[in-house]
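The values are calculated or read from the model by the stated rules, or taken from the named source; none is laboratory data. These numbers were taken from a predicted model, which means no experiment stands behind them. Cβ: placed from backbone, ideal geometry, glycine included. Neighbour counts: every protein chain shown. Calculation scope for accessible area: heavy atoms of the full protein, side chains included, ligands and nucleic acids excluded. Shrake-Rupley method; radii C 1.70, N 1.55, O 1.52, S 1.80 Å.
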Amino acid sequence: MKMLDIGEVSQTVGVPASTLRYYDEIGLISSVGRHGLRRQFAPDVLLQLALISMGKSAGFSLEDIAGMFGRDGRPDLPRQELHDRADDLDRQIRELTALRDTLRHVADCPAPSHMECPTFRRLVGVMGRRKSKKAKSRSKASAGLR
């Protein structure tokens, strides 16, 4: 099996060598040896790094991601957590879509003043109610944790 030098891995995945060293130090990936002072990795580290990148993009912390790998470094993905995160992303997409639509309306609104535009006022009200519901939900959740 051909080992990959830390420089090769860095260049292939577009992650700085310092990040790879950090991931190695915290146990997210494992080097299999050294060639001189340079760490060497098995080729499957490329899959691990792709999964780490995807997890970070999905909003998981490095600690969360570390828990998604078994002791052997193979993925052991928690399906329910992934479903929950996908649901969170769906909510964010809806909220961002509404925000985008509001911004486009504001940019194109023919009313002399945005405050005179009934559509603008309705959209702002909807956005405000969503934020208020989120704040109340977070407040209840944190109260239950105490």
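Taking the conditions (1) loosely packed, with under 13 Cβ neighbours inside 10 Å; (2) of a type in the set (Gly, Ala, Ser); (3) under 20 Å from Pro75 (Cβ atoms) in turn, Ser18 satisfies each one other than (3). The residue list Asp88, Asp84, Asp64 contains one member that is assigned to a helix (DSSP H, G or I) and in contact with a helix residue (DSSP H, G or I) (Cβ under 9 Å, 6 or more places away or on another chain), which is Asp64.
Taking every residue in the stretch 27-49 that is free of Cβ contacts under 8 Å to residues at least 12 places away in the same chain and at positive phi and pairing it with any residue that is acidic (Asp, Glu) and open to solvent by 90 Å² or more (accessible area, probe 1.4 Å), at least 6 positions away or on another chain, yields no pair with a Cβ-Cβ distance below 9 Å.
Would you call Gly59 open to solvent by 40 Å² or more (accessible area, probe 1.4 Å), in contact with a helix residue (DSSP H, G or I) (Cβ under 8 Å, 6 or more places away or on another chain) and part of a loop (DSSP other than H, G, I, E, B)? When the stated conditions are applied, Gly59 passes them.
Which ones in the stretch 69-81 are open to solvent by 60 Å² or more (accessible area, probe 1.4 Å) and modelled with pLDDT under 90? Explain how you work it out, then say what you get.
Taking the stretch 69-81 as the starting set, the residues that turn out to be open to solvent by 60 Å² or more (accessible area, probe 1.4 Å) are 71-72, 74-77, 79-81.
Across the stretch 69-81, the qualifying residues are Arg71, Asp72, Arg74, Pro75, Asp76, Leu77, Arg79, Glu81.
Checking each residue in the stretch 36-56 for being open to solvent by 30 Å² or more (accessible area, probe 1.4 Å), among the aliphatic types (A, V, I, L, M) and within 28 Å of Arg79 (Cβ to Cβ) picks out Leu46, Leu47, Ala50, Leu51, Met54.
Table: residues versus (1) of a type outside the set (S, T, N, Q); (2) under 21 Å from the mean Cα position of the chain (by Cα); (3) at pLDDT 95 or above.
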{"residue": "Gln11", "(1), (2), (3)": "no, no, yes"}
{"residue": "Pro16", "(1), (2), (3)": "yes, yes, yes"}
{"residue": "Leu20", "(1), (2), (3)": "yes, yes, yes"}
{"residue": "Ile29", "(1), (2), (3)": "yes, yes, no"}
{"residue": "Gly36", "(1), (2), (3)": "yes, no, no"}
{"residue": "Arg39", "(1), (2), (3)": "yes, no, no"}
{"residue": "Asp44", "(1), (2), (3)": "yes, no, no"}
{"residue": "Ser57", "(1), (2), (3)": "no, yes, no"}
{"residue": "Ser61", "(1), (2), (3)": "no, yes, no"}
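If you take the residues of the stretch 22-35 that are under 21 Å from Met54 (Cβ atoms) and not in a loop (DSSP other than H, G, I, E, B), which of them is most open to solvent (accessible area, probe 1.4 Å)? If we take residues in the stretch 22-35 being under 21 Å from Met54 (Cβ atoms) and not in a loop (DSSP other than H, G, I, E, B), then Tyr22 is most open to solvent (accessible area, probe 1.4 Å).
Identify, please: which residue in the stretch 91-114 is of a type in the set (Ser, Thr, Tyr) and assigned to a helix (DSSP H, G or I) and is, among those, least open to solvent (accessible area, probe 1.4 Å)? Let's see the steps before the verdict.
Within the stretch 91-114, the subset of a type in the set (Ser, Thr, Tyr) is 97, 102, 113.
Next, from what is left, pick out any that are assigned to a helix (DSSP H, G or I): 97, 102.
On the way: Thr97: 51, Thr102: 14 Å².
The extreme case among them is Thr102.
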